[in-house]
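K.L.:
One structure, pasted below without further comment.
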Protein chains: 2
Amino acid sequence: MLDKSHKHVTCSTCLSRSNSLLGGLCTDEVSNLENHRSCNLFKKNQSLFLEGSFPRGVFCINQGKVKVFKRGDEGKEQIIHIAKEGEIVGFRAMFSEEVYNVAAETLEESNICYIAKDDFLNMIDTNAALRNGIMKELSKELADRASFITNMAQKSVRERLAFALILLEKIYEPEPINLSREDMANFVGTATETLIRLLKDFKEEGLIEVHTRKMTVTNAKKLIDIAGK
Amino acid sequence: MLDKSHKHVTCSTCLSRSNSLLGGLCTDEVSNLENHRSCNLFKKNQSLFLEGSFPRGVFCINQGKVKVFKRGDEGKEQIIHIAKEGEIVGFRAMFSEEVYNVAAETLEESNICYIAKDDFLNMIDTNAALRNGIMKELSKELADRASFITNMAQKSVRERLAFALILLEKIYEPEPINLSREDMANFVGTATETLIRLLKDFKEEGLIEVHTRKMTVTNAKKLIDIAGK
DNA sequence: TTTAAAAAGTGATTAACATCATTTTTTCAA
DNA sequence: TTGAAAAAATGATGTTAATCACTTTTTAAA
């Protein structure tokens, strides 16, 4: 259970994180940001935004995890990204001036701040460093997704699962990975049953430890080896 | 064979295209651009840049087609994007300040201009509209790639091929699609043999017409139907 | 025009993975 | 604490698509 006091954190908590896009703001800008954001406690599995809706602002994750996903023809989710503390979610569609083509939902109880579209765009217009940071971020994600596509096309499910576990470990550390089998399957891009069978294999091979929902990587080297480059 | 005179086109030819990122430049900026770009005729299958190399500038396609691809573990190409006339290729890695994570190569004889990194970045710094256009473009591509990933994960090869043919038709029109079976397979994300068999099916179902390398879509409606949403 | 080489096409076989049906375990609210 | 619902796990089966081995056709260079 998340401490309720998290509901009123200062922005600096978030901005000090190594992965924060807004890390380079000056004191004035930070206090301005403090005045323009609203902070909310989100329950587990609560939606931040839906595919097809218009963006009205961005979400800054102070505490918790958020899945960004797209639904395929039959409604099955494909998880594109899992965002953690310090990340900003939902700003991509704002630039494209189109509706969201993905949806976002909390994976656990989370503390998330909201910055209205205009305030966010203002910040960007007046801050070249921030702008560059965002362009850099967009480009990096584009690169990530090229790799994602290539992995989906060319790697086996076993290889992709190994790859996913390495990624998830980094996202969740120092906590154990904590995802439902279905979400994990939707991240790897496979059927839940197949994922469960492969997890069992990895467990038996001593690569991971599983305690119901929670799992930890015990042999990252081997997993990286299985995942391929 | 491409007319040699294409080697010395004016930028306005490119910029007038509907898909041009640089469409919004003013007269001064265009003439400045004319002075800073160099134009070259590229042979078929000529490399623009390699995965792992540092970006030194961007490529503006005046005439021709370029595949943007990534190699998987075993060297197999996954084509991420096929760029046509008017598109700018190779600017994403410039923002991320990292090496290219994809490679680019002409699919046919092409006329392509080169703009050095500094000149391009200068243009962006001094032109807010261009900057916004680029951010918009990056965001749109991010959305495209989320769909690409979801398609790879959830659609059958037959569905993906139908989808690819619809895309390729738009890229190549008014010309017929002109891609090797291998390239097409690497775009769809399948084995060449599988692609060939499915093309045959589509041909027999009257959805496409094939003349050796060249093919045209004869029943787009049905293909869209097969592709799914 | 001829002829290597590359690309396209075919057939047989196999492996990976999805799907469906069902059981077991875990979770969580009454 | 209990019982119903959700999630996880297991087994059997079917399908898709990869792989391999080979033939035919097309391309492009001598």
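K.L.:
Among the residues in segment A:133-146, are any of a type in the set (Gly, Ala, Ser) and open to solvent by 30 Å² or more (accessible area, probe 1.4 Å)?
P.N.:
Keep residues of segment A:133-146 that are of a type in the set (Gly, Ala, Ser), which gives A:133, A:139, A:143, A:146.
Then drop every residue that is not open to solvent by 30 Å² or more (accessible area, probe 1.4 Å), which leaves none.
No - not one qualifying residue is present in segment A:133-146.
K.L.:
Does any residue of segment B:121-129 turn out to be within 12 Å of chain A (Cβ to nearest Cβ), within 16 Å of DNA strand C (Cβ to nearest atom) and without any contact (Cβ under 8 Å) to a residue 24 or more places away in the chain?
P.N.:
no
K.L.:
Follow-up question, since we're still on this one. Being in contact (Cβ under 8 Å) with a residue 60 or more places away in the chain, over 19 Å from A:Ala164 (Cα atoms) and more than 7 Å from chain B (Cβ to nearest Cβ): is that true of A:Gly57 here?
P.N.:
Numbers: in contact (Cβ under 8 Å) with a residue 60 or more places away in the chain: yes; over 19 Å from A:Ala164 (Cα atoms): yes; more than 7 Å from chain B (Cβ to nearest Cβ): yes.
For A:Gly57, the condition - in contact (Cβ under 8 Å) with a residue 60 or more places away in the chain, over 19 Å from A:Ala164 (Cα atoms) and more than 7 Å from chain B (Cβ to nearest Cβ) - is met.
K.L.:
Any idea how many residues of segment A:21-40 are surrounded by fewer than 21 Cβ atoms within 10 Å (Cβ to Cβ) and under 17 Å from the mean Cα position of the chain (by Cα)?
P.N.:
Number satisfying all stated conditions: 1.
Every residue, every condition in (1) open to solvent by 20 Å² or more (accessible area, probe 1.4 Å); (2) among the charged types (D, E, K, R); (3) within 14 Å of DNA strand D (Cβ to nearest atom); (4) under 30 Å from B:Glu29 (Cβ atoms), yes or no:
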{"residue": "B:Asp125", "(1), (2), (3), (4)": "yes, yes, no, yes"}
{"residue": "B:Gln154", "(1), (2), (3), (4)": "yes, no, yes, no"}
{"residue": "B:Val157", "(1), (2), (3), (4)": "yes, no, yes, no"}
{"residue": "B:Asn186", "(1), (2), (3), (4)": "no, no, yes, no"}
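K.L.:
Could I ask something else about it? Go through segment B:43-59 and give me each residue that's under 21 Å from B:Asn19 (Cα atoms) and open to solvent by 10 Å² or more (accessible area, probe 1.4 Å). Walk me through how you get there before you give the answer.
P.N.:
Here is the first cut: in segment B:43-59, the residues under 21 Å from B:Asn19 (Cα atoms) are B:48, B:57-59.
Residues satisfying the conditions are B:Leu48, B:Phe59.
K.L.:
A further question follows. Could you tell me whether segment B:78-85 includes any residue that is within 14 Å of chain A (Cβ to nearest Cβ) and open to solvent by 20 Å² or more (accessible area, probe 1.4 Å)?
P.N.:
Within segment B:78-85, one or more residues are within 14 Å of chain A (Cβ to nearest Cβ) and open to solvent by 20 Å² or more (accessible area, probe 1.4 Å).
K.L.:
May I ask you to list pairs of residues, at least six apart or on different chains, whose Cβ atoms are under 8 Å apart, with the first in segment A:193-206 being within 14 Å of chain B (Cβ to nearest Cβ) and the second being open to solvent by 20 Å² or more (accessible area, probe 1.4 Å) and more than 9 Å from DNA strand C (Cβ to nearest atom)?
P.N.:
Here the result reads A:Leu195/A:Arg181, each pair linking segment A:193-206 to a residue that is open to solvent by 20 Å² or more (accessible area, probe 1.4 Å) and more than 9 Å from DNA strand C (Cβ to nearest atom).
K.L.:
Kindly establish whether A:Thr190 is at pLDDT below 95 and within 10 Å of DNA strand C (Cβ to nearest atom).
P.N.:
Considered against the rule, which asks whether it is at pLDDT below 95 and within 10 Å of DNA strand C (Cβ to nearest atom), A:Thr190 comes out as no.
K.L.:
If the requirement is being part of a loop (DSSP other than H, G, I, E, B) and either on the phi < 0 side of the Ramachandran plot or touching a strand residue (DSSP E or B) at 6+ places or on another chain (Cβ under 9 Å) (or both), which of these qualifies: B:Thr150, B:Thr190, B:Thr216? Spell out how you get there, then give the answer.
P.N.:
Numbers: B:Thr150 fails: part of a loop (DSSP other than H, G, I, E, B); B:Thr216 fails: part of a loop (DSSP other than H, G, I, E, B).
Result of the check over B:Thr150, B:Thr190, B:Thr216: B:Thr190.
The values are calculated or read from the model by the stated rules, or taken from the named source; none is laboratory data. As the structure is a computational prediction, the values presented were derived from the model and not from experiment. Note that we place each Cβ from the backbone using ideal geometry, even for glycine, and neighbour counts take in every protein chain shown. For the accessible areas, the whole protein counts, side chains as well, though only heavy atoms, and no ligand, DNA or RNA atoms are used. Shrake-Rupley method; radii C 1.70, N 1.55, O 1.52, S 1.80 Å.
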